[in-house]
Amino acid sequence: MFKRGNQFLLNDQDGDDFDDAPEFLPLFSKQEEDESNRMEVPEEMSVLAMRNTVLYPGVIIPITVGRDKSIKLIKEANKKDKSIVVVAQKNPEVEDPSSDDLFKIGTLAHIIRLMRMPDGSSTVIIQGKRRVQIHEFTQTDPFFKAKVAQFPDADDISNDKEYNAIIDSIRDISQKIINLAPNIPSEAAIALKNIDSSTFLVHFVASNLNITLAEKQAILENGSAKLRATEVLTYVTKELQLLELKDQIQNKVRNDLDKQQKEYFLQQQIRAIQEELGGETPDKEVQNLREKGNAKLWPKHIHEHFNKELDRLMRVNPASPDYSVGLNYVQLMLDLPWDNYTNDNFDIKHAQEVFDEDHFGLEKVKKRIIEYLAVLKLKGDMRSPIICLYGPPGVGKTSLGKSIARALGRKYVRMSLGGLHDEAEIRGHRKTYIGAMPGRVLQNLKKSGSSNPVFVLDEIDKLGRDFRGDPSSAMLEVLDPEQNTTFYDNYLELDYDLSKVLFVATANSLDSIQPALLDRMEIIEIQGYSLEEKVQIAKKYLVPKQRKAHGLKAAQFKISDKALEVLIEQYTRESGVRSLDKRVAALARSIAKSVAMDEEIKKSISEADVERILGNEKMEPEMYEDNETAGVVSGLAWSPMGGSVLFVESKLVPGKGGLQITGQLGDVMKESVMLARSYIKAHSEYLDIDHRVFDHWDVHVHFPAGAIPKDGPSAGIAILTSLASLFTQRKVKSKLAMTGEITLRGKVLPVGGIKEKMLAAKRAGITQVILCEQNRKDVEDIEQKYLKGVGFVYVSNMLQVLDLAVTNKPVKSPIDLLKPVLEVEQKAKS
């Protein structure tokens, strides 16, 4: 049966028809559908069981009749009114189905034509008319008969816009399926267009779907025309997606084959053209690489490996991706500076001049580096040390590395390690992977063209670590003088000597560096700059730099010392000079604008000019407060941004001896509060404190600037002094600050960040600082001119701190701590 136009053509193979029938059968029209829906359904009808198919109203299908029951039924019906009920079997494998093996919803059908086939079987052409429901079977022999009733749709879809949209979608998608499917004749598209009944369109498409018998039966049994159409739309959409996917796969395979063939022919043409023009063929290219390799003064094993790679390359098709991988590998071997070294300039005086020219201050750091250079000069073949410059941001750690390179006359390489989380970034990827490349260590050496550059490993404390590996562990091999003579890169697959490289690492904090990695480096601490140092740095480096960057002349852009001090103290808060540089740049931009607009400019920028140009974005300086309130003490804190004054505030609240600590503190700082409280309780007699008061007052200790996290042990003696002042209601010594760790035995231990803390104390107007005796050397390292006006007292135990810090004078409006104690005792007596 073939579809042609809006008719069906029937070909009878033997021409032996039982009755006459037209050659073409028209499609089920809207008019026929309406007539079928109006026709009366007989109360009892013959029932034909079908395997593997479901008949829908309006659809014409051929059925091969083989079972005796079916043959008898067809012959009898063909002699009478040619109307039967067709239902599907639940299980197609059942040869002789009973009434229970049949579905209860079927289709009233009309026999169009009966034919006898060459093999003796009979084929009947039937057309569905309308759906019916079987109530009960009345006969099983010689064929099935049953009482039936019509099974109309439950919904009215005559004016349903959504239903019409679904029908249009089914028609469009079915059209696309016909265009994509190679086994569907083109006449089907014409037939699809000529179907004027929406219900028949749904049934027609459903009957041709590639779905199971149960799914087809479910569509037939659905009592809603709209839901039936929606189900069919779902199936045809899936069918279209499957066909499109198949089409894409076939096109891709076809294109890949075409591309490979095209590339092969093009490669052959290129080879022929290159030979005609005298250009380099792949063979000649490999030969040129071999000649370059032979000219290198490599060790024997590297030469052998290089030639082995070239031999393998010659066996690879130039059109293959492996060819480009191999070519890149041998080119890397040629580009690496295996035995290329620059001659070092060991003129120590020249190095000192370079450091002084590039950096102000930092005398201790310069001295350490000069010592390293001196040893290198004397020893000659000494392996380069691994230096780690540690300090706050903006103090010149990275630029020191550049100065070392300039002083030695070596190449300079910088590799940022901040956020690096993949071990392959250090050691490289194996070249079997697509897009493989050497690690960044070898890449930077290749870029520098030297095997002994100054190699700055910036932000080594910010190395990441995750499931892709631990780059800090990979750095162990790079930074170990005992191992880096045979550094192994996964891409190169050969040992490379890094022992002549002068590695300079930089870090803001040592806490996050792996202990094994820290052990391999020589730590040189760079402390923050004082106010005086920052003024000199601004005058000698920052102002000339910004003057040049903004195209100004020396006479046009000058800043007075007082203006620089205002700029540093009120507009920046840092250990380094990075923010100061930005503020100087802002002043330079303002002057540049005035020059460009031919406005009058002053010879030098004053304090008032700074405020006028930069506005009121001032940072209020931390200043000492009075000592009239009990429990308020000035401590000293350190952060990566420099030193600062940290106030400790304590308050008594009537209660039962509780303790509350606030200010976003870490565990160490909280433990310091508990240590100090326990020590005060244990030494209450020494301080003339009645021990009973501890059980009648709650203590609240607070550290201002609650939004800033705080931790560390250095506030220990400040907390101790605060609690002592609180419970004695006596004043703390005026303009006094302190820093030091405490122990339960009463010892005072040393702390870090002394230079930054002392400079912060001076800025705040402090005149005396209490420190641990072991911190004396740290204070002596600071130039005394920067600490003028500040005195230092060194202690070794906590009682010394209390004797020095807590005076005998009572605070303003002291609290009577014994009052609640006496009231409780009085009540107890009464």
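Could you size up the charge dipole of region 392-537 around its Cα centre, putting +1 on the beta carbon of Lys and Arg and -1 on that of Asp and Glu, and report it in debye to the nearest 20?
On the way: 18 positive and 21 negative charges, 160 e Å.
The calculation lands at about 760 debye.
For region 387-511, give me the percentage of DSSP beta bridges that are antiparallel, rounded to the nearest 5 percent.
20 percent
Where a Cα-Cα gap under 18 Å defines reach, which lysines qualify for K757, not counting those fewer than 8 residues away within the same chain?
K534, K710, K735, K777, K785, K788
Probe radius 1.4 Å, ligands and nucleic acids left out: which of H135, H429, H305 has the largest accessible area, and how do the rest follow? Intermediate values should be presented prior to the final figure.
On the way: H135 120, H429 65, H305 40 Å².
Per-residue accessible area, sorted high to low, gives H135, H429, H305.
Treat every Asp and Glu Cβ in the chain as -1 and every Lys and Arg Cβ as +1, leave all other atoms uncharged, and give the resulting dipole magnitude about the Cα centre to the nearest 20 debye.
In total the dipole reaches around 3580 debye.
Report the one residue of L463, P713, L245 whose Cα lies farthest in the direction of the positive end of the charge dipole of the chain (charges on C-beta: Lys and Arg +1, Asp and Glu -1; origin at the Cα centre).
Selected residue: P713.
How would T728, T767, T739 line up by accessible area, probe 1.4 Å, largest first?
Correct descending sequence by accessible area is T767, T728, T739.
Let me check I have the definition right: for region 518-620, take the eigenvalues of the Cα gyration tensor, multiply each by 5, take square roots. What are those semi-axes in whole Å, largest first?
Semi-axis lengths for region 518-620 are 29, 16, 11 Å.
Would you work out which of V693, I105, I195 lies farthest towards the positive end of the dipole of the chain? Charges go on Cβ: Lys and Arg +1, Asp and Glu -1.
Projecting each Cα onto the dipole axis, the largest value belongs to V693.
With all protein chains present and a 1.4 Å probe, how do Y433, Y323, Y488 order by accessible area, largest first?
Final ranking, largest accessible area leading: Y433, Y488, Y323.
As I understand it, the dipole of the chain uses +1 on the Cβ of Lys and Arg and -1 on the Cβ of Asp and Glu, about the Cα centre. Which of Y529, P515, Q89 lies farthest toward its positive end?
Going by the charge dipole, the pick is Y529.
How much length, in nm to one decimal, is gained on full extension between I370 and L818, taken as 0.36 nm per residue of separation minus their Cα-Cα distance?
Result: 154.8 nm gained on full extension.
In terms of Cα to Cα distance under 18 Å, which lysines are near enough to K252, apart from those fewer than 8 places away along the same chain?
K262
In the neighborhood of S796, defined by Cβ-to-Cβ distances under 15 Å, what is the net charge if each Lys or Arg adds +1 and each Asp or Glu adds -1?
With Lys, Arg at +1 and Asp, Glu at -1, the neighbours total +1.
Would you mind getting the accessible area per residue of region 340-415, heavy atoms of the protein chains only, 1.4 Å probe, in Å²?
Per residue, region 340-415 has 48 Å² of solvent-accessible surface.
If you place +1 on the Cβ of every Lys and Arg, -1 on the Cβ of every Asp and Glu, and leave all else neutral, what size is the dipole of region 524-599 about its Cα centre, to the nearest 20 Debye?
My answer is approximately 360 debye.
Nearest 10 degrees is fine. How inclined is helix 321-335 to the longest principal axis of the chain, computing both from alpha carbons?
10 degrees
How far, in degrees from 0 to 90, does helix 161-180 lean away from the longest principal axis of the Cα atoms of the chain, to the nearest 10?
80 degrees
Expressed as a whole percentage, what fraction of the accessible surface of the chain belongs to carbon and sulfur atoms when a 1.4 Å probe is rolled over the protein heavy atoms?
50 percent
When you take every Cα atom in region 685-757, what is the radius of gyration, and what is Dmax, the widest Cα pair distance, in Å?
Here Rg and the maximum Cα pair distance are 14.2, 42 Å.
Whole-Å semi-axes of the chain's equivalent ellipsoid, largest first, each the root of 5 times a Cα gyration tensor eigenvalue?
In descending order the semi-axes read 91, 48, 27 Å.
Which value, in nm² and rounded to one decimal, describes the direction-averaged projected area of the C-alpha convex hull of region 750-830?
Numbers: hull surface 33.1 nm².
Spelled out: convex hull of the Cα atoms, projected over all directions, averaged, 8.3 nm².
Considering only DSSP beta bridges where both residues belong to the chain, give the percentage that are antiparallel (nearest 5).
Restricted to the chain, the bridges split so that about 60 percent are antiparallel.
Per 0.36 nm of contour for each residue apart, how much would the distance between N343 and E685 grow if the chain were fully extended, relative to their Cα-Cα spacing?
Here the answer is 115.9 nm.
So, counting K/R as plus one and D/E as minus one, what does the shell of residues with Cβ under 13 Å around Q784 add up to?
Its environment carries a net charge of 0.
What does the accessible area of E425 come to, in Å² to the nearest 10, when a probe of 1.4 Å is used?
About 70 Å², rounded to the nearest 10.
Which entries of K377/K397; K30/K90; K651/K731; K176/K238; K651/K809; K656/K747 show an alpha-carbon separation above 20 angstrom in the structure shown?
Details: K377/K397 23 Å; K30/K90 31 Å; K651/K731 14 Å; K176/K238 12 Å; K651/K809 18 Å; K656/K747 29 Å.
With Cα atoms farther than 20 Å apart: K377/K397; K30/K90; K656/K747.
On C-alpha positions alone, give me the angle between the axis of helix 754-763 and the longest principal axis of the chain, in degrees, nearest 10.
That helix lies at roughly 70 degrees to the long axis.
Could you work out the helix-only [θ] at 222 nm for the chain, with each DSSP H run of four or more residues adding -39,500 (n - 2.57) and the total divided by the number of residues, to the nearest 500 deg cm²/dmol?
Result for the chain, helices only: -13000 deg cm²/dmol.
Rounded to the nearest 10 Å², what accessible area does K500 have for a 1.4 Å probe in the complete protein model?
Rounded to the nearest 10, the figure is 80 Å².
Which entries in the list K582/K603; K446/K582; K367/K562; K82/K216 go over 23 Å, if you measure between the two C-alpha atoms of each?
Violating the 23 Å Cα-Cα cut-off are K446/K582; K367/K562; K82/K216.
Given a cut-off of 18 Å, name the pairs among K104/K226; K558/K593; K548/K593; K762/K812 whose C-alpha atoms lie farther apart than that in the structure shown.
Values: K104/K226 22 Å; K558/K593 15 Å; K548/K593 15 Å; K762/K812 27 Å.
Checking Cα-Cα distances, K104/K226; K762/K812 exceed 18 Å.
Subtracting the Cα-Cα distance from 0.36 nm times the residue separation, let me have the gained length for H303 to K238 in nm, one decimal.
Working: separation 65, 0.36 × 65 = 23.40 nm, distance 6.09 nm.
Roughly 17.3 nm would be gained on extension.
For region 669-815, treating each Cα as an identical point scatterer without solvent, what Debye log10 I(q)/I(0) comes out at q = 0.13, 0.17 1/Å?
One equal scatterer on each Cα of region 669-815 leads to -0.59, -1.00.
What figure, in Å² to the nearest 10, do you get for the accessible area of T485 with a 1.4 Å probe and non-protein molecules left out?
40 Å²
Could you tell me how many cubic angstrom of Cα convex hull volume region 158-262 has per residue?
111 Å³
The values are calculated or read from the model by the stated rules, or taken from the named source; none is laboratory data. The structure presented is a predicted model; accordingly, all values stated were derived computationally and were not measured. As a convention, Cβ positions derive from the backbone with ideal geometry for all residues, glycine included, and neighbour counts pool all protein chains shown. Side chains are part of the model used for accessible areas, which takes the heavy atoms of the whole protein and leaves out ligands, DNA and RNA. Shrake-Rupley method; radii C 1.70, N 1.55, O 1.52, S 1.80 Å.
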